[in-house]
Amino acid sequence: MTDLVLTGGTVVTMDAQRRMFAPGYVSIRNGIIEGTGPAGAAPAAAARTLDAAGKVVLPGFINTHTHLFQTLLKGPGDDRKLEEWFRNVVGPASSELTEEDCYHAALAGCMEAIRSGTTTVKDFMYAHPRPKLSDAVVRAMLDTGVRGVFVRGYIDHGEEYGVPPALIQPTDEVLADCERVARRYHGAAGRIHVRFGPCMIWSCSSDGLRATQRLADDLGVELTMHIAETPFSVENSLQRFGVGDLAFLERIGFLDSPTLAVHCVHLTARDLRILKARGVTVSHNPTSNMYLASGVAPVPQMLMAGIAVGLATDGPASNNNQNMIQALKFGALLHKVHTLDPTAITAEQALEMATIGAAKALGISGEVGSLEPGKRADVIVLNLRNVFASPLHHPVSSLVYAAVGSEVETVIIDGRVVMDDGRIQTADEPGALRDAQRAAEQLLERARIARPMERPWRPFAF
């Protein structure tokens, strides 16, 4: 028997034909989408039927890049360039992380993701001042029920650029733990994928990059790295290696393994050709790029070249939330104002980058990203009949340009209802928020970082 039928809502499938059924249905059996179509064709018998009349049914959003430990760092790094932000706030705080910190941060971050309709979270965990922090993050992913792409990131270089010594690991130690994490968690619960992630060019050695690529190839896992996020990143690579960071990665064979390049703000025309030729995919982080004044990634050019681009929030220390619905709006508007072209990124393209485009960028489009029979049942139900999004004329327009993030009512991951009528089912949300608040306050105290309210406010004189 069918386990669950969602019927009566506007079903936005994001399939190859971008079909919409209004009203439509989605049926689920054994964690798999069994069928979609007009509401009148829905199965007559099911263990549970959810009435979605007047609501919108979508594939769950896919966040292609975040740093869940930064859930504890919302605010202390405000109004700084990336290098100062890292040297004075994120680096020192990262150096003090404990397993308990990482678990509480990831638990709260995953619940925040679920609340805004995110079903897949790709977490880039590059801070390892002590062992087993990776395990704490993956445990939170498993406990909350999200689909997780966990990146065992690392830093093995860069003290001269302001990287705290506590975050710099010997390359051999990095590789051993990368292998341990991949062997233990890749495929866990059928929902966890593991990747390896050298953090950024100025925090990585060339020997480490080469060795990471070889290990990824041996184990059959994919790679992720921050690429050309700031002018400093590109200039550092030019000084050390004679070419920009993306060109250097191509030179040493790093891109021979499937790679997701994060940010890609400061690219040359040659870099765009490298992305296309090497099949490199891109994670676009518009809010973070604005917050840190990093620049504007040439996403319209990437899409025109046929490069897979997925949308992302980036970490809560540079956003400062995990709200993918907000990322949709910024992902469209940033490129309109930058190019002076209102068609540069449309609402439909923004939604594609958060669903099927994101799945392609992560190499999991055979599993998720659209509502199609045979795919895993990652489904969300939104009520856009609120004061922000109504009157409703087109669900995609209202979602991208008018919604605020509180519209998500039901979230289904792998066929399991993890949020039901606005109530998270997999964790104690109030308790998790209390734990995260306490951990955040203690982390800032240990790292000797002033809380934002303790910093002097220098008003403008009018």
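The values are calculated or read from the model by the stated rules, or taken from the named source; none is laboratory data. Values in this document were obtained by computation on a predicted structure and should not be read as measured data. Note: ideal-geometry Cβ built from the backbone for every residue, glycine included; neighbour counts use all protein chains shown.
In this structure, does residue 70 turn out to be assigned by TED's automatic domain parsing to the domain that holds residue 95 and at pLDDT 95 or above?
On the way: assigned by TED's automatic domain parsing to the domain that holds residue 95: yes; at pLDDT 95 or above: yes.
Yes.
Does at least one position in region 297-310 carry a residue that is free of Cβ contacts under 8 Å to residues at least 24 places away in the same chain and more than 20 Å from residue 369 (Cα to Cα)?
Within region 297-310, one or more residues are free of Cβ contacts under 8 Å to residues at least 24 places away in the same chain and more than 20 Å from residue 369 (Cα to Cα).
Would you say residue 345 is at pLDDT 95 or above, buried (at least 23 other Cβ atoms within 10 Å of the Cβ) and in a loop (DSSP other than H, G, I, E, B)?
Numbers: at pLDDT 95 or above: yes; buried (at least 23 other Cβ atoms within 10 Å of the Cβ): yes; in a loop (DSSP other than H, G, I, E, B): yes.
So residue 345 fits the description; yes.
Among the residues of region 172-192, count how many are surrounded by fewer than 19 Cβ atoms within 10 Å (Cβ to Cβ), within 20 Å of residue 207 (Cβ to Cβ) and not small (Gly, Ala, Ser).
Going through region 172-192 one residue at a time, the tally reaches 4.
Is it the case that region 94-117 has a residue that's under 21 Å from the mean Cα position of the chain (by Cα) and acidic (Asp, Glu)?
So far as region 94-117 goes, yes, one or more of its residues are under 21 Å from the mean Cα position of the chain (by Cα) and acidic (Asp, Glu).
Where residues in region 422-458 are assigned to a loop (DSSP other than H, G, I, E, B) and within 25 Å of the chain's Cα centre (by Cα), which of them is surrounded by the most Cβ atoms within 10 Å (Cβ to Cβ)?
Applying the filter and picking the extreme gives 426.
Take residue 104 and decide whether it is modelled with pLDDT of 95 or more and more than 30 Å from residue 375 (Cβ to Cβ).
yes
May I ask you to verify whether residue 246 is crowded, with 21+ Cβ neighbours inside 10 Å and assigned to a helix (DSSP H, G or I)?
yes
Yes or no: region 204-219 includes at least one residue that is in a loop (DSSP other than H, G, I, E, B) and in contact with a strand residue (DSSP E or B) (Cβ under 7 Å, 6 or more places away or on another chain).
Yes, there is a match, as at least one residue in region 204-219 is in a loop (DSSP other than H, G, I, E, B) and in contact with a strand residue (DSSP E or B) (Cβ under 7 Å, 6 or more places away or on another chain).
Looking for whichever is among the polar types (S, T, N, Q), touching an Asp or Glu at 6+ places or on another chain (Cβ under 8 Å) and not in a loop (DSSP other than H, G, I, E, B) here; the options are 288, 283. Which one fits?
So the residue among 288, 283 that is among the polar types (S, T, N, Q), touching an Asp or Glu at 6+ places or on another chain (Cβ under 8 Å) and not in a loop (DSSP other than H, G, I, E, B) is 288.
From 451, 446, 455, 385, grab the single residue that is touching a residue at least 40 places away in the same chain (Cβ under 8 Å) and farther than 30 Å from residue 141 by Cα.
385
For region 135-166, how many residues meet the condition of being out of contact with any Lys or Arg (no Cβ under 9 Å at 6 or more places or on another chain) and of a type in the set (D, E, K, R)?
Final tally of qualifying residues: 5.
Which condition number does residue 70 fail, the rest of (1) buried (at least 20 other Cβ atoms within 10 Å of the Cβ); (2) over 17 Å from the mean Cα position of the chain (by Cα) being met?
If we test residue 70 against (1) buried (at least 20 other Cβ atoms within 10 Å of the Cβ); (2) over 17 Å from the mean Cα position of the chain (by Cα), just (2) comes out false.
Give the residue, chosen from 45, 53, that is surrounded by fewer than 18 Cβ atoms within 10 Å (Cβ to Cβ), more than 14 Å from residue 374 (Cα to Cα) and at pLDDT below 95.
Every option except 45 fails the conditions.
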